[in-house]
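Below is one structure; the comments refer to it alone.
The values are calculated or read from the model by the stated rules, or taken from the named source; none is laboratory data. All values reported here derive from a predicted model rather than from experimental measurement. Positions of Cβ are backbone-derived with ideal geometry, glycine not excepted, and every protein chain shown enters the neighbour counts.
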């Protein structure tokens, strides 16, 4: 469903108004065509009594206007600005927000027409979107682009998580128009010979680029090229002159964006940490302990001499917050089995630290892979995963100088629904309320592997070592190893993954949206 509304914005530096009438200054009006897209099987406007339109402008006051849901034209008054965004909220008769959608940034310029698209969906619900990916896939990545679209990179369409086959090329999915570039009959971005990967990472930078590093190719060889996707050109380019003796190719490594202090300039530089992973070995993959640091502005590997205390692959690196210089590395495995110790990175180095507080540990209390490690309450929450035989719940919280102390603290489950179970590779998102949304995943036990469609909120009891699980509405379908990313306005896009088919796991091309 698509609704189109025209907005006329009086873009004058001086506006005079009296009552409800606005004096329009000739030649200074901007027109904006607003396209409102909704999920096909959801009545996003049900019960909406009024629309609240908010125009956000950098370093300027937000413009707010309330309009009738049936309005096809209305006027806002605002000064010209670059990087504006529009939030549309559907309110019921008592002012409760039932549905919402926010645009990507756009420029509001005088004597210019703009076209803005946004996805408008019910709050607190999962919704299946209209379009699918060009091919079902798992082991892929989703990275939100500054213009509201999403880069879908890598993965496989056949096989299983430990034995992928038929690798899939990159595509662009637009959640607003609910379509893939491949479905529109237009060319998707291609980089010959280097666009088919599994076990890679794709990290967005503050410069609006996406850095794609590592992974296996279809022949099982580790990729030695480093790609940068430029969203404005819809194209990949290869970083030149990479010394693979220092920048060792790898797959199933951990990656995290962080700030690193640059002493010569005195600035905090946007960087990416690549840690551990594995590469081709003579008879089996060789697990790595080497660590790399990449400066996103200069596109240079500034450190290639760092090392973990233990080699590991399939670990997770988690930054403590969006403007943090502290990263926690947790979980993973090597040739000897699961890895327990967690490691802290700060200021361009791994740092020594001591535990403090009752129950604080230097290791995970439950060793695991395929888990979640989320920035949470100033620390890192580790939950779920598997130990190779059983899926886990086992929530743990790492604090570095928090109320509980410093170290890894095991959390007790105070209450949970009867259906609660451990799960590996679910969706995990920290909501604005502070609760953690857990959805889907797999349960392992007694030699069996099952997919779940359950959805829960994990709620931490503040100042304690206890959590509660609250049961929510089920997913539209059970699946695991989905990829997801946050969109403008806080919505979550989910795509692909594995589900149970006839005779075993099959890949999915479905795309879902969750509006917190």
Quiz item: Say we look at region 461-475 and pick out the residues that are assigned to a loop (DSSP other than H, G, I, E, B) and surrounded by 14 or more Cβ atoms within 10 Å (Cβ to Cβ); which of these is modelled with the highest pLDDT?
Solution: 465
Quiz prompt | Candidates 434, 402, filtered to the one that is at positive phi, assigned to a loop (DSSP other than H, G, I, E, B) and surrounded by fewer than 22 Cβ atoms within 10 Å (Cβ to Cβ) | solution = 434
Quiz item: If you take just the strands (runs of 3 or more DSSP E) that sit entirely in region 234-296, which of them hold at least 2 residues that are without any contact (Cβ under 8 Å) to a residue 60 or more places away in the chain and in the same structural domain as residue 187 (by TED's automatic domain parsing)?
Solution: 235-238
Quiz item: Failed condition for residue 104, given (1) in contact (Cβ under 8 Å) with a residue 60 or more places away in the chain; (2) out of contact with any helix residue (DSSP H, G or I) (no Cβ under 7 Å at 6 or more places or on another chain), with all others met?
Solution: (2)
Quiz item: What is the one condition in (1) in the same structural domain as residue 34 (by TED's automatic domain parsing); (2) outside any strand (DSSP E or B); (3) in contact (Cβ under 8 Å) with a residue 24 or more places away in the chain that residue 95 does not satisfy?
Solution: (3)
Exercise. Output yes when any residue across region 479-491 is crowded, with 23+ Cβ neighbours inside 10 Å and without any contact (Cβ under 8 Å) to a residue 40 or more places away in the chain, and no when none is.
Key: yes
Self-check item: Residues located in region 68-99, provided they are out of contact with any helix residue (DSSP H, G or I) (no Cβ under 7 Å at 6 or more places or on another chain), surrounded by 17 or more Cβ atoms within 10 Å (Cβ to Cβ), over 16 Å from residue 147 (Cβ atoms) and modelled with pLDDT of 90 or more
Solution: 88, 89, 90, 91, 98, 99
Quiz item: Is it true that some residue in region 372-382 is touching a strand residue (DSSP E or B) at 6+ places or on another chain (Cβ under 7 Å), in a strand (DSSP E or B) and loosely packed, with under 15 Cβ neighbours inside 10 Å?
Solution: no
Quiz item: Is it true that residue 359 is in contact (Cβ under 8 Å) with a residue 60 or more places away in the chain and either on the phi > 0 side of the Ramachandran plot or not assigned by TED's automatic domain parsing to the domain that holds residue 469 (or both)?
Solution: yes
